[in-house]
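The values are calculated or read from the model by the stated rules, or taken from the named source; none is laboratory data. Being a predicted model, the structure only gives us computed values, none of them experimental. Heads up, the Cβs are rebuilt from the backbone with ideal geometry, glycines too, and the neighbour counts pull from every protein chain shown. Surface areas here come from the heavy atoms of the whole protein model, side chains and all, with no ligands, DNA or RNA. Shrake-Rupley method; radii C 1.70, N 1.55, O 1.52, S 1.80 Å.
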Amino acid sequence: MNEENYARRRQKLAVLMKEGVSVIAAASQKIRSNDTEHPYRQNSDFYYLCGFEEDNALLCIVKEAQKSKTILFVQSKNEEMELWSGVRLGVEAAKEHFQVDEVYSIDVFEVQMKEILKEHNTLFLELFREDEHYTKVKQIAADLMHSRGVKRSPREFKDITVLTQQMRLLKDDEEIVLIKKALAITKEAHHQAMAQCEANMMEYALQAEYEYHFLKNGADSESYTTIVAGGNSANTLHYIKNDQSLKDGDLVLIDAGCEFQMYASDITRTFPVNGRFTKPQKELYEMVLAVQLKVIEAIAPGMTKNRLQELAETLLCEGMILFGILHGEKTKLIEEKAHKKYFPHGIGHWMGLDVHDPLPYVDDRGDEITFQPGMVLTVEPGIYIRKDDLNVPQEYRGIGIRIEDNILVTAEGCTNLSKDIAKTASEIEARCNNY
Ligand code: GLY
Ligand code: MN
Ligand code: MN
């Protein structure tokens, strides 16, 4: 991502702030076990605004009526520390690299912050995230409030994520390029898995195929823990144990996507372990696929997520009646939400820097946000029938199916960014059987 783009985002944020000081902290390191850390992953909002990948850093935007200033605090160079945990950019190189007004060492942030905060009434930070830097910033504000001779200090704390989320809803062209790159890698991983899968393989072995493929092709990591759910395990929505063997005649549901330069992909495919759908599996699969295609077709500017949800639920309910999974009159079943037993989750979610981008579905007035070009969401209908559900015809018991793609809203309607990943029953069987 080029530096002008980050600078533009900071300017836009400054306009939204109107007046005040915002402070956004880098993610902190997370301990995994004694003396070892989880792989570091930057805070999405911090990254969105400056693209800096190191921890122990702060971005501060100071906005006055007509002007704004950006200050970055970074770790100083330190040979001994860098020997253990890698090269730091340092203050001087950060000044060269980032198009910010000032760069200081994080070691002096408290002194600097005190000078900045005593000129302002409003402080924006991530109000609902615990971070030691935020604790210190709030303490500085409290100390200023009680200091003699200080005329102003922040009394009003606002949540910066209300503004960053508003911005992150609309993806720019560079973000779309990165999501497409993530999807290109994810596509190959799904196709490889279809080709490699065979009866008696362990679920974790198939998981390893994905993660091998992700890393080998330059992805940062998976966007979320890979789900490889054979047979009835697919009815556990977030099944991540992945420790069973895949059985001949079962389906396997794989929800897997890589993260590439911080951007997510989130794809589910469900395919037969032995490469051939049975008749009942194919009936339900094609029903879910038809629903998914109709929901995607309905995506266009002006649409809302609730209306997509209603459409998906109505169509799935009709399918459930058709295959004798639900009995009764459609309107009544929908009213009673009978279909929820077999489709208990949402039709999709925003996606971007986070796999579940934490962006709003309603605006400040409580009205639903309507789709606009540049928004990216998943569409993931499914049907989940437990093997012990005696209310359902026997041939469908133990089947769990989800089909998930990543969709960009465009001026004309939408583009399915993952349309090249095998999805029809015949495309899947061809991939599974290597022809
Ligand atoms: N992979 C999580 C989801 O589909 O939302
Ligand atoms: Mn998913
Ligand atoms: Mn999803």
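Taking the condition under 30 Å from the mean Cα position of the chain (by Cα), free of Cβ contacts under 8 Å to residues at least 60 places away in the same chain and closer than 13 Å to Ile407 by Cα, does Ile347 pass? Outline the logic, then answer.
Numbers: under 30 Å from the mean Cα position of the chain (by Cα): yes; free of Cβ contacts under 8 Å to residues at least 60 places away in the same chain: yes; closer than 13 Å to Ile407 by Cα: yes.
In short, yes.
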Test for Ile254: is it within 15 Å of ligand 2 (Cβ to nearest atom), within 30 Å of Glu395 (Cα to Cα) and buried (at least 21 other Cβ atoms within 10 Å of the Cβ): yes
Residue list for the stretch 330-346, filter: farther than 16 Å from Leu237 by Cβ and either within 16 Å of ligand 2 (Cβ to nearest atom) or open to solvent by less than 40 Å² (accessible area, probe 1.4 Å) (or both): Leu333, Ala338
Where Leu237 falls short, out of the listed (1) under 21 Å from His356 (Cβ atoms); (2) surrounded by fewer than 15 Cβ atoms within 10 Å (Cβ to Cβ): (2)
Residue list for the stretch 3-42, restricted to those being outside any helix (DSSP H, G or I), under 22 Å from Lys63 (Cα atoms) and open to solvent by 10 Å² or more (accessible area, probe 1.4 Å): Lys18, Glu19
Among (1) assigned to a loop (DSSP other than H, G, I, E, B); (2) without any contact (Cβ under 8 Å) to a residue 60 or more places away in the chain; (3) surrounded by fewer than 16 Cβ atoms within 10 Å (Cβ to Cβ); (4) in contact with a strand residue (DSSP E or B) (Cβ under 9 Å, 6 or more places away or on another chain) - the single one Ser147 does not satisfy: (4)
The stretch 356-408 - residue that is open to solvent by 20 Å² or more (accessible area, probe 1.4 Å) and outside any loop (DSSP other than H, G, I, E, B) and, of those, farthest from ligand 1 (Cβ to nearest atom): Gln394
Residue satisfying all of: in the stretch 257-303; within 21 Å of Phe371 (Cα to Cα), touching a Phe, Trp or Tyr at 6+ places or on another chain (Cβ under 8 Å) and open to solvent by 10 Å² or more (accessible area, probe 1.4 Å); nearest to ligand 3 (Cβ to nearest atom) among these: Met303
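So if I check each of Leu246, Leu206, Leu251, which one is in contact (Cβ under 8 Å) with a residue 60 or more places away in the chain, hydrophobic (A, V, I, L, M, F, W, C) and either more than 16 Å from ligand 1 (Cβ to nearest atom) or farther than 30 Å from Met1 by Cβ (or both)? Break it down stepwise before answering.
Numbers: Leu246 fails: in contact (Cβ under 8 Å) with a residue 60 or more places away in the chain; Leu206 fails: in contact (Cβ under 8 Å) with a residue 60 or more places away in the chain.
One residue alone meets the criteria, Leu251.
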